[in-house]
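Here, each number is a calculation from the coordinates, and none is a lab measurement. Since the structure is predicted, the reported quantities are computational estimates derived from the model, not experimental observations. Using ideal geometry, Cβ is built from the backbone for each residue, glycine included, and neighbour counts are taken over all protein chains shown.
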Amino acid sequence: MLIEENKPLAPFTTFQIGGPARWFAQATSEEEVAEAAAWATERRVPLFVLGGGSNLLVSDAGFDGLVLRVALRGITATDAQDQSGQRIYQAAAGEAWEDFVQRAVDDACAGIECLAGIPGTVGGTPVQNVGAYGQEVASAIARVRAFDLSERAFVEFLAAECGFSYRRSRFNSVDRGRYIVTRVDYRLTPGGAPTIRYADLQRALTARQAEGRELSLAEVAELVRGLRQSKGMLLVEGDPDCRSAGSFFKNPVVGEEQLQRIAAAVPKPPPRFPAGPKPENIGRVKIPAAWLIEQAGFTKGYRLGAAALSSRHTLALVNLGGSASPGDSAGLGSATAQDILALARQITAAVEARFGLHLEMEPVMVGF
């Protein structure tokens with residue numbers, strides 16, 4: 001396996017930010033994953049696993065270790081053996097997530113259609129328990145296969161063993177850095193109905209029903225892509241709002257006492273959504289981070305040098321990077337990682353000052 005030195009990492013991230021990797025390798029098989037892990041262990045250098053780079057902020061100094069880009073490919077589909085009528089898709093970790101969603105929609109298999117348009121790779125989805133527009137991957141994952149860096153062996157986890165919760169799993173919490181995901185098995189439903197929980201999707205469903213028909217999986221996927229694009233969260237060549245890591249802050253989950261404190265700080269009741277069905281979420285609600293940011297005084301397009309809030313959604317921080325802004329005679333230089341963090345800290349401080357609530361950053365921070 002080729003080991004490169006001083007490899008620029010910015011081109012591998014949607015932020016287009018970050019310094020070089022001291023060493024860099026690309027694994028196209030499980031054998032190469034194990035080989036790269038052994039290489040790093042023998043030399044006692046840190047190891048970072050890179051997927052699609054869509055939920056990542058790399059420091060300006062880069063990463064003083066081995067960056068392993070997981071590029072395993074392949075998707076197979078078989079009928080479930082439990083007479084459920086469902087279909088099991090085994091997707092290699094390096095497959096583009098959007099391609100996998102489209103494959104499922106083309107096959108008329110329901111379960112991930114609301115996750116269309118999300119950048120990144122299959123291997124990153126269980127780590128963050130990726131979710132959007134009323135779906136989370138946790139509801140469709142059957143099994144996760146990974147390389148255990150501690151035991152130096154491949155292991156498999158059933159969904160119930162992955163510790164899924166809102167934007168969390170065992171892979172980014174209690175076992176952070178221990179496993180390299182190589183394959184994810186999804187349990188999808190052939191001929192199943194799309195998930196219609198998000199308000200905009202419900203409105204579209206009502207319109208279709210008035211016409212005497214239901215929304216198809218393909219229509220839901222396209223509606224979701226349209227919603228993402230309207231918020232600058234669909235990767236479109238040349239769109240400066242796309243140079244981001246998507247949602248930069250997690251929607252905080254709060255209890256009744258915190259909710260009352262937030263409500264007391266604003267003239268109208270704050271928007272809220274169910275926190276989820278898990279026992280620990282009883283009596284708790286989710287508050288939109290974008291609303292908190294706006295109430296703290298930030299508007300779409302707010303700039304701090306070349307770092308800015310998206311012009312379409314206050315939840316995304318963007319790298320204006322060389323794009324000319326209205327009134328500018330020339331484009332800006334690329335934002336640095338420190339620029340992005342400076343803006344993020346300004347936002348979190350303002351939200352905390354107004355609501356007593358600390359926003360948690362969502363992207364993975366590398367090399368800091």
So V253 clears everything in (1) among the β-branched types (V, I, T); (2) surrounded by 12 or more Cβ atoms within 10 Å (Cβ to Cβ); (3) over 24 Å from W291 (Cβ atoms) except one condition, right? Which one?
(3)
If you scan segment 257-303, which residues turn out to be among the charged types (D, E, K, R) and closer than 19 Å to A353 by Cβ?
E257, R261, E294
Of the conditions (1) over 22 Å from S84 (Cβ atoms); (2) in a helix (DSSP H, G or I); (3) within 21 Å of the chain's Cα centre (by Cα); (4) touching a residue at least 60 places away in the same chain (Cβ under 8 Å), C114 satisfies every one except a single condition; which number is it?
(1)
Within segment 140-157, residues more than 14 Å from Q90 (Cβ to Cβ) and surrounded by fewer than 16 Cβ atoms within 10 Å (Cβ to Cβ) come out as D148, S150, E151, R152, A153, V155
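Condition first: in contact with a Ser or Thr (Cβ under 8 Å, 6 or more places away or on another chain) and under 25 Å from G301 (Cβ atoms). Now tell me which residues in segment 216-241 satisfy that.
Restricting attention to segment 216-241, the residues satisfying the condition of being in contact with a Ser or Thr (Cβ under 8 Å, 6 or more places away or on another chain) are 220, 231-233, 235, 240-241.
Those that are in contact with a Ser or Thr (Cβ under 8 Å, 6 or more places away or on another chain) and under 25 Å from G301 (Cβ atoms): K231, G232, M233, L235, P240, D241.
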Residues that are surrounded by fewer than 24 Cβ atoms within 10 Å (Cβ to Cβ), out of contact with any Cys (no Cβ under 8 Å at 6 or more places or on another chain) and of a type in the set (A, V, I, L, M, F, W, C), drawn from segment 112-139
V130
List the strands (runs of 3 or more DSSP E) that sit entirely inside segment 1-94 and contain at least 3 residues that are buried (at least 21 other Cβ atoms within 10 Å of the Cβ), touching a residue at least 40 places away in the same chain (Cβ under 8 Å) and out of contact with any Asp or Glu (no Cβ under 8 Å at 6 or more places or on another chain).
56-58, 63-70
Mind checking which residues of segment 160-205 are surrounded by fewer than 17 Cβ atoms within 10 Å (Cβ to Cβ), among the polar types (S, T, N, Q) and part of a loop (DSSP other than H, G, I, E, B)?
S173
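Let me confirm something: among R73, R87, R69, which residue is charged (D, E, K, R) and in contact with a helix residue (DSSP H, G or I) (Cβ under 8 Å, 6 or more places away or on another chain)?
Numbers: R73 fails: in contact with a helix residue (DSSP H, G or I) (Cβ under 8 Å, 6 or more places away or on another chain); R87 fails: in contact with a helix residue (DSSP H, G or I) (Cβ under 8 Å, 6 or more places away or on another chain).
From the options R73, R87, R69, the qualifying one is R69.
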Of all the residues that make up segment 275-298, how many are surrounded by fewer than 20 Cβ atoms within 10 Å (Cβ to Cβ), of a type outside the set (K, R) and under 20 Å from the mean Cα position of the chain (by Cα)?
3
